[in-house]
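Input: a single structure, listed below in structure tokens.
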Amino acid sequence: MKNIENIQLLWSYCSYCNICKKNCRDISVIIGPRPSFLAVSDIFLLMSFKKTKKFLKLKIKTDKDTIILKVNCDENTYKSNKLFKLKFFFYLHGVCVNCDSYANTLDIDFEDNILKNIGIEQERLLLENSEDKYWISIFYQLNQMLIYKWSLWHETQLKPEDKGIKMPIINFDFSDSEETIKKINKYLLLM
């Protein structure tokens, strides 16, 4: 897991694309557990969310009520318009509008007016130059990364993991795609 200090920094991290070098990821907020895991009386849905400079407002519909949560993104606290007993979480999913790279956060838990478990769970990046194209999946909880050539995934029916190379996380400089691809090619030759 890649721990992040607060929701504000987490939002910024999920917004920024390391490949495009700018804030060009669209962020979705997803709540869980999914309704299929709950009794009918416990079903809730995210109706809307709004992020301002300091706050994230979540509007959640239950079978009986509408809960409005106001998250203080700097302090990792929240307030609610109603008391609720539902155990649920939310996570952020940021997808780049240009290159499809993305970041997923851990399931962020609500507990005693404090948000817990703030961090990045996984990232996926697409690196390419005129000769090579790689997907890189980084799984922070497992301290692993999976690197595979785009053609091996795209031109066969195999799942990406079937042809990918698993290795410990390497801190590549994704701001220089050419240099990173050269390093990946060297690693692949050694394996």
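The values are calculated or read from the model by the stated rules, or taken from the named source; none is laboratory data. Note that the structure is a prediction, hence the values are computed from the model and not measured. Cβ coordinates were reconstructed from backbone atoms using ideal geometry, including for glycine residues, and neighbour counts include every protein chain displayed.
Note on segment 118-146: residues that are buried (at least 18 other Cβ atoms within 10 Å of the Cβ) and among the acidic types (Asp, Glu) total 2. Of all residues in segment 63-91, those satisfying the criterion of being in contact (Cβ under 8 Å) with a residue 12 or more places away in the chain, hydrophobic (A, V, I, L, M, F, W, C) and not in a strand (DSSP E or B) are CYS73, PHE84, LEU86, PHE88. Considering only segment 92-110, I want to know if a residue exists there that is at pLDDT below 90, in the same structural domain as ILE67 (by TED's automatic domain parsing), in a strand (DSSP E or B) and crowded, with 17+ Cβ neighbours inside 10 Å. Yes.
Here TYR134 meets the list (1) in a strand (DSSP E or B); (2) at pLDDT below 90; (3) closer than 22 Å to LEU10 by Cβ almost entirely, failing just condition (3).
Considering segment 63-74, and only residues there that are among the aliphatic types (A, V, I, L, M) and buried (at least 16 other Cβ atoms within 10 Å of the Cβ), the residue that is farthest from the chain's Cα centre (by Cα) turns out to be ILE67.
Every residue, every condition in (1) surrounded by 16 or more Cβ atoms within 10 Å (Cβ to Cβ); (2) modelled with pLDDT under 95, yes or no:
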{"residue": "SER12", "(1), (2)": "no, no"}
{"residue": "LYS21", "(1), (2)": "no, yes"}
{"residue": "ASP26", "(1), (2)": "no, no"}
{"residue": "LYS61", "(1), (2)": "no, yes"}
{"residue": "ASN76", "(1), (2)": "yes, no"}
